[in-house]
1. Residue under question is residue B:155, and the condition is that it be surrounded by 20 or more Cβ atoms within 10 Å (Cβ to Cβ), of a type in the set (Asp, Glu) and away from chain A (no Cβ under 14 Å); does it hold?
2. Of the numbered conditions (1) touching a helix residue (DSSP H, G or I) at 6+ places or on another chain (Cβ under 9 Å); (2) more than 14 Å from every other protein chain (Cβ to nearest Cβ), residue A:416 satisfies every one except a single condition; which is it?
3. Looking at region B:423-458, which of its residues are of a type in the set (A, V, I, L, M) and either touching a helix residue (DSSP H, G or I) at 6+ places or on another chain (Cβ under 9 Å) or not assigned by TED's automatic domain parsing to the domain that holds residue B:255 (or both)?
4. How many residues are closer than 19 Å to residue B:386 by Cβ, among the β-branched types (Val, Ile, Thr) and crowded, with 19+ Cβ neighbours inside 10 Å if we restrict to region A:190-220?
5. Can you say whether residue B:299 is more than 30 Å from residue A:140 (Cβ to Cβ) and touching a Leu at 6+ places or on another chain (Cβ under 6 Å), as far as the supplied structure shows?
6. Step by step: first the residues of region A:395-413, then only those that are in contact with a Leu (Cβ under 9 Å, 6 or more places away or on another chain) and not in a strand (DSSP E or B), then the one that is nearest to the other protein chains (Cβ to nearest Cβ). Which residue is that?
7. Take the conditions at the interface with chain A (Cβ under 7 Å from one of its Cβ atoms), assigned to a strand (DSSP E or B) and under 22 Å from residue B:173 (Cβ atoms) and apply them to residue B:48. Does it pass?
8. In the list B:87, B:11, which residue meets the criterion of being acidic (Asp, Glu) and either touching a strand residue (DSSP E or B) at 6+ places or on another chain (Cβ under 9 Å) or not assigned by TED's automatic domain parsing to the domain that holds residue B:156 (or both)?
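The values are calculated or read from the model by the stated rules, or taken from the named source; none is laboratory data. Every value quoted in this text rests on a predicted model; they were computed, and no experiment measured them. Methodologically, a virtual Cβ is constructed for each residue, glycine included, from the backbone with ideal geometry; neighbour enumeration extends over all protein chains shown.
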Amino acid sequence: MIDPARQAVEATLAAGASDAEAYAVEEAGREVRAHGGEVESLTAATKRGVGVRAWAGARLGYAFGTDLSAEGIASLGARAAEAARVADEDEFAGPPDPAEPAVTALELADPSLAATSTAEVAELALEVERVALETDSRVAGVEQAVYADAAERIAIASSRGIAGEYETSSCYAYTQALAEGKDGSRETGLGFGLGRGPAALDPAAIGREAAERATAMIGAGKPESRSCPVVLDPTVASSFIGLIGKGLGANAVQRGRSPFAEMLGAEVADPALVLHDDGLDPTGFASSPFDGEGVPRRRTALIEAGRLQAYLFDTYTAHRGEAASTGNAGRSGYRSLPGVSASNLVVAPGRLDFDGLLGEAGEGVLVTDVAGLHSGVNPVSGVFSVGASGRAIRGGELAEPLREFTIASDLVSMLKAVREAGTDARWVPFGGSVSTPSLLVGAMTVAGS
Amino acid sequence: MSEPAELIAPEVAERVLARALANGGEFAEVFAERNAGMTMAIDESRLEAVQAGAEQGAGVRVLSGGTTYFAHVDGLDPDDLERAADEAAAALRAERAEPRPLQAVASTPHAIEQRPAEIPAERKAALLRELDERGRGAGAEIAQFMASYAEVRREVAIANSEGLFTGDDRTRARIGAQAVARRGETVETGAETLGGHRGFELFGDDPGSIAEQAARKALTLLDASPAPAGSMPVVVGGGFGGVLFHEMTGHGLEADHIQKGASVYVGKLGEQVAQPLLTAYDDGRMPNEWGSDAVDDEGAPTQKTMVIEDGKLVSYLFDGLTARRDDVASTGNGRRESFRHLPVPRMTNTYIAPGDAEPEAIIAEVERGFYAVSFGGGQVDPATGDFVFGVSEGYLIEGGRVTRPCRGATLIGNCLQALVAIDAVGNDFEMKTGVCGKAGQKVPVGTGQGHVRIGAMTVGGTEV
């Protein structure tokens, strides 16, 4: 894809831009949805497109398209150059200059992906469903078992001399099991797994997790409203860590829209909570040799020793903040302008296993699911109140299931109230790419009955 | 009228459908799309993020037994379309159906007076500058203001092996405003949007007022105290309050959830699910409304479907596949985000019809309760009926009067219980625009209602 990227840069310069950068993507993917022991749908997808940033001095414009013919690329360059003329001048808007990559050999593509037939991955999805149904007689059904994969080739070229290309692959499978109580009440439970290729997925484990999560919730009631210790399991902790990662982006910070603004070096967490952004973690799904504008990825300590160590920068916020880019320009495909975003957020495992966390909590609540995060959190102040379900913790052990309650706090208070991190870290795709263990929070408002 | 042949020639479509059925299958369809759009934003009073996009491509679908085979490609050249057909058919081994010759069916797209693409970009920029000026001018405590503009034109053509050949030409425009107010350490946000299946004429009548509305919400919240926690009567405001019905009932009526047994409304057709004062519709035909289209993304004409009549559940929402399974007609609710997605049953514009009650009286009857004016969003698990809504603007009701604003409130409950607990429906009415996510696809939807009261609901706040 480096050739169409280079052609798009030339076309944009020819249309009058002073600088240009093109981001090109080519992707092939599959998706299988299984239900009731049959394949419900089978999708084969190919995708390609180019997004172009054009600079007219200090003005920046963007255009994207799927037409990679000579004519299509010429039109793309012209639209990008035209968009730049409409924008206001911004002294920080300039393009990045080339830099030496920190690593050259990241193995991001699993060759077994292409070698696995569609029939084999369909069988994988069917097995996920089968195991979910067979694990427990109280599982009344499965909404859907899904397998999806994608192999991507990404290239960037710019008029400043950036030129790079890499391949990556990923796949995931999940299912949502439905459990039914004796009174006909229903509960759902999610099981999931992810990897670079299908060999990394354990369909039986995914099915079992869904069944266990759903059946554990049968007969759930509401907890008493109070402030108490709360354990967040990795799927829930990851959602909060994702929000924290957004708040640590320099764009939100510089524009005064982050609960972490003006807190560099300040105490923002209990020392038990250690957080890094690591764009080079070989096991991380957001890893790549360079970011969405061709700047090498790296590892950045965000929270260590309870203090805020750094913000995340792309080139724009680096210019504006007189800092260096941390290689955190993210893209959601060729259709979007790059913007600051976390790569892989990694919470360091702690000293207690899951049972140890429960024992330390004593009397409290385990949260295994949250809902309404996108609406229940104020991204500027960090104040949140979100719907939750999970289990009661009594005498340091799991007790009855709980649903229809809310947990409320603010992000910084929650980080400061963390007492322990567990040893059960896993990669979770909710809230970005996050690896986190369960977290014990000393006190949080739980609102139920 | 829309001309599908501009996107895909009928003889090419017939060839593609025949290839899609080459290895068998009962039904094949090609969905072709060409879209072009522009977005821009203003932030810190600087016009930025000017983006122009153009895409074209097609999705080919084959149905065989209980399985859907789907492939999509970028590009609309005959070669691209045939490649998609071959990929969709690749894994298929079944008995073959003969496609019928195509018969063009005319559709009447919603009327667009001023095509946004023909309006100079400077005028769109000027609109955002006006929003910025008015938002910032709304009060000294407005610390930040952002606004965005988006336009898109989507031309679609749909051909299937049953001989249907039709299309639609859809233009949508929308602006959004977001204000941040600050007083000391207290920071609050407020947002407002204006959108429609319309052209630039949408912005003819004082569009800048949404900036002031967003600012007013943020300023009001500066005086807010923590929301109460506990069970109490909840009055939901008109317009965007309709999100509540969309989430707690609309999704559960989508036929795919019903057929999988993953909805609390399974087997409830004909039953009383609400008090007789409640009647509700899904209407994809409302002229120029945000969630409207001439035909759905399978080529079925959109329609007005009564879903609840005097408290009784009377209809689910079907796309072609779920209608075929239940041997009924599609209700025109087969929608997809783009040619890269399969159609699924989706709402269009969903609303509670106006009732008899005066909004003031609905509040006056509440001794102690919560008034939820607008939501930041919501989420529901259709299988269990559990839902949660974040309240972006809410007040306490004390002694029949709206007293103080509250921050950080969440409404939480179960669909069936909350629906039957609606004990008052206002005679006011307003529609608002939203973007609904389901199965990884986002589509524009309208939500609407007047003031509605729920007898008892859990409010999750920070004040225990």
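1. Judged against the criteria, residue B:155 is a match.
2. (1)
3. The first filter runs over region B:423-458 and keeps only residues of a type in the set (A, V, I, L, M), leaving B:424-425, B:431, B:435, B:439, B:443, B:445, B:452, B:454, B:456-457.
Residues satisfying the conditions are B:424, B:425, B:431, B:439, B:445, B:452, B:454, B:456, B:457.
4. Total satisfying the criteria: 1.
5. yes
6. Restricting to residues being in contact with a Leu (Cβ under 9 Å, 6 or more places away or on another chain) and not in a strand (DSSP E or B), the top hit is A:411.
7. Numbers: at the interface with chain A (Cβ under 7 Å from one of its Cβ atoms): yes; assigned to a strand (DSSP E or B): yes; under 22 Å from residue B:173 (Cβ atoms): yes.
Yes.
8. On the way: B:11 fails: either touching a strand residue (DSSP E or B) at 6+ places or on another chain (Cβ under 9 Å) or not assigned by TED's automatic domain parsing to the domain that holds residue B:156 (or both).
When all the criteria are applied, what remains is B:87.
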